[in-house]
Amino acid sequence: MTGSGPAVITGAGSGIGRATALAFARAGRPLGLLDRDADGLGRTAEACRGLAVPVETATADVTDEAALREALRDLARRLGGLAALVNNAGIGTEKPLLDHTLDDFHRIFAVNLFGLFVALQEAARIMVEAGSGGSIVNIASVAGLRGSVGRAAYGSSKAAVINLTQVAAVELAPHGIRVNAVAPGPIETPLVAAMHGERTRAAWLRQVPLRRYGTPEEVAEAVLWLAGPQASYVSGQVLVVDGGFAAAGLLPA
Ligand SMILES: NC(=O)c1ccc[n+]([C@@H]2O[C@H](COP(=O)([O-])OP(=O)(O)OC[C@H]3O[C@@H](n4cnc5c(N)ncnc54)[C@H](O)[C@@H]3O)[C@@H](O)[C@H]2O)c1
């Protein structure tokens, strides 16, 4: 079932999650789409159904542990199994470390790490019970690999996602479950439109060797590859999709 079986994507109502759902649909994979935003979720589901794949939806907030576990089980039931999970739902903030509050950390970790952990664990339990293996892809960020201004809570939540990915890859390998992360750089999505001011935008364009923001579709292709059979010997990895940002040293003006 790891190859082309049903995939559940969280945060599928917008941005990278929506693009990922469409890429999976184009690849013919049955889809379970989850988001707290029922309208965005409905729009993504409609677009995917237009590509002639089975699509089931669940409106749930990943910070509600019981609802999230039940939604994942229900989606897997309705889809007839679970071969892949894309843990994409996430939120961010950009503010100086000196202005961060503990509440910023609680709010962001609740979605980006704790919600992701619950979904990963429940999906893994479903896969272990079925005995069919599977693939889990966590959406991290280059903010989890480098110290970036304004990213105290967001960046540390994504660094934690990267380590959790490695731990899960090792512990779940005996069950035939691969776990990887994708770490996007700056990608044009509604999240970024809200988070990146003019100065941030100019700084990214200076520091990304390809000199542009990425598209959600460019991230979706990496996720699709990691989730699918072409990546059958890849586990515990962080695939950076960032126009060369994390690799760069000195850049010309
Ligand atoms: N856009 C970027 O530049 C960028 C860079 C690195 C990493 N990321 C990561 O990619 C992922 C997607 O980001 P995006 O830019 O597409 O954002 P987005 O805001 O466009 O989409 C995020 C989706 O997640 C959903 N969501 C948020 N909180 C949720 C919750 N508690 N429960 C259920 N659904 C929830 C939202 O409703 C939305 O549909 C996030 O994990 C983000 O941190 C984005």
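Couple of notes before you dig in:
- Relative to the current alpha-carbon distance between E65 and A194, full extension at 0.36 nm per residue lengthens the span by 43.8 nm.
- Rel. contact order, % - alpha carbon contacts under 8 angstrom, at least six apart, the chain: 21 percent
- Rounded to the nearest 20 debye, the dipole size of the range 144-243 about its Cα centre is 400 debye, using +1 on the Cβ of Lys and Arg and -1 on the Cβ of Asp and Glu.
- Where only alpha carbons of the chain are counted, the Rg and the Dmax (Å): 17.3, 55
- By the equivalent-ellipsoid construction on the alpha carbon gyration tensor, the range 103-201 comes out with semi-axes of 29, 13, 12 Å, ordered largest to smallest.
- Dipole of the range 67-112 computed with +1 at Lys/Arg Cβ and -1 at Asp/Glu Cβ about the Cα centre; of T93, A76, A110, farthest Cα towards the positive end is A76.
- Between G214, G131, G42, the Gaussian network model of the chain with springs among Cα atoms under 10 angstrom shows the greatest mean-square fluctuation at G131.
- When the Gaussian network model of the chain links Cα atoms closer than 10 Å, the mean-square fluctuations of T63, T165, T101 top out at T101.
- Residue exposure proxy: Y154, Y233, ordered by other Cβ atoms within 10 angstrom of their Cβ from fewest to most, comes out as Y233, Y154.
- As a rough guide to protection, the peptides 111-120, 183-192, 196-205 ranked by mean Cβ packing within 10 Å, highest first, stand as 111-120, 183-192, 196-205.
- Karplus (6.51, -1.76, 1.60) ³J(HN,Hα), θ = phi - 60°, over the range 225-234, in Hz, Gly and Pro reported as x: 5, 4, 7, x, x, 5, 9, 5, 10, 10
- Modelled label positions at R26 and S4, each set 7 Å beyond Cα in the direction of Cβ, lie 1.7 nm from each other.
- Placing dummy labels 7 Å off each Cα toward the beta-carbon, the span from E129 to A246 is 3.4 nm.
- Centre separation in Å (Cα based) which lies between the range 96-119 and the range 186-212: 22 Å
Computed from the coordinates by the stated procedures, all read-outs in this text should not be read as laboratory data. Computed from a prediction, not measured in an experiment: that's the story for all the values here. When we count neighbours, we look across all protein chains shown, and the Cβ atoms used for this are built from the backbone with ideal geometry, even at glycine.
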